[in-house]
Amino acid sequence: MVAFRNRKRKFAVKPNALKKQSNVDHVTGEKIPKSFVFSRGKVPSSLKQLELDLRKLMLPHTALKLKEKRRNNLKDFLDVAGPMGVTHFLMLSKPKSVPHLRVARTPQGPTLTFEIKEYALASDITRAQTRPRCPQSLFVNSPLIVLSGFGNGGQHLKLTTIMFQNIFPAIDINTVKLSSCERIVLLNYDAETKIIEFRHYSIRLHPIGVSRRIRKFVLNHHVPDLRSLQDVSDFVTKATYGSESEADEESATVSLTSDFGRVNRASMKSAVRLQEIGPRLTLKLVKIEEGLCSGGVIFSEYDTGKPTKANHGGGDHEEQAIPEETNE
């Protein structure tokens, strides 16, 4: 009997099968900002989940499945960031009792260090809602960015404004498609407490005067059960099928310039609904450095008068550049 030997075939991926994201916006012609979100040092499991939530928030121009190891230093991330066109780093750490978030511009800085006073994961936000809604289609496009309360501050607030404005792609109001505006990131600064509230919402538009039942019928194409009704008009006029309990306030309505979906038409007024999808952060700016986690200190909330240790080697001791914490 002749024995046949099974040979394993090796499959090669064709070069044209690998899709690469463009570094330049084909509409505005500007460079698209991209980001890495990773942690430094040993962090608890809740902060690791916050890292994943922030990666999802930064989609689509971020590395969602970035693999990191404890032995990786900052220089390792920089070596990879250059060829991939990465412009920003978001780094989570917990040097002492308070976790920190550092937002840095690559490759030469500046670096903004925030204390995370409080945070809630996206899963916590979902569990607290009666009707959570967070489809994957929301993350096809980048979120809009809205900054409130940063206009009347000092130089450190201006740098914070510029950093967060440039971390997401710019939009052209004359060419932007309404269908691509499905998420919004809101940062609100309180001048008295010096606290920044960081929120992430999904945007939904509902036509005014159209009941929820009609909207669901149009969007989902489900045939309604009319057996208990005498006439088709009862489906529209019956009280239980009326509009939502929330009143359509004039301040929350917009007139669309183009059609949005199947039910929102340009000739109609639509109500804007924001639903939080997380994560939620309460931040406090404590330091701004000129370089990437190093260099001269531009701003320090806890200025003790001591010289700041700067890390110029890109090693594993970046936490030396974080200011000493004080009990308020």
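The values are calculated or read from the model by the stated rules, or taken from the named source; none is laboratory data. Please read all numbers here as calculations on a predicted model, not as lab measurements. Ideal geometry is used to build each Cβ from the backbone, glycine not excepted, and the neighbour counts take in all protein chains shown. Just so you know, the surface numbers come from the protein's heavy atoms only, side chains and all, with ligands and any DNA or RNA stripped out. Shrake-Rupley method; radii C 1.70, N 1.55, O 1.52, S 1.80 Å.
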### Task
Would you mind calculating the relative contact order of region 52-158 from Cα pairs under 8 angstrom and at least 6 residues apart, reporting the percent as a whole number?
24 percent
### Summary
Amide H proximity to residue 66 below 5 Å, modelled H, separation 5+ or other chain, gives none
### Task
Take the alpha carbon gyration tensor of region 51-159, find the square roots of its eigenvalues, order them as a ≥ b ≥ c, and report rounded if a/c is under 1.5; if not, report prolate when a/b exceeds b/c, else oblate.
rounded
#### Entry: Heavy-atom accessible surface of region 148-196: percent carbon and sulfur, 1.4 Å
51 percent
#### Entry: Amide hydrogen neighbours beyond the local backbone of residue 287, cut-off 5 Å, H modeled
113, 301
### Message
I'd like the distance separating the alpha-carbon centroids of region 161-177 and region 113-128, in whole Å.
### Response
25 Å
### Task
Once you've got the Cα coordinates, tell me which of 48/177; 67/158; 42/287 are over 25 Å apart.
48/177; 67/158
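Mind ranking 151-157, 93-99 by how tightly packed they are, going by the mean number of other C-beta atoms within 10 angstrom, highest first?
Numbers: 151-157: 12.6, 93-99: 15.1.
Top to bottom by mean Cβ count within 10 Å: 93-99, 151-157.
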### Summary
Computed ³J(HN,Hα) along region 111-120: with the Karplus parameters 6.51/-1.76/1.60, θ = phi - 60°, integer Hz and x for glycine or proline, the list is 10, 9, 10, 10, 7, 8, 5, 8, 7, 10
### Query
Simple spin-label model, 7 Å along Cα-to-Cβ: residue 73 to residue 148 in nm?
4.4 nm
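Grab the Cα-Cα distance for residue 274 and residue 191, subtract it from 0.36 nm times how many residues apart they are, and report the gain in nm with one decimal. It would help to have the intermediate numbers written out before the result.
Numbers: separation 83, 0.36 × 83 = 29.88 nm, distance 2.49 nm.
Net length gain for the segment: 27.4 nm.
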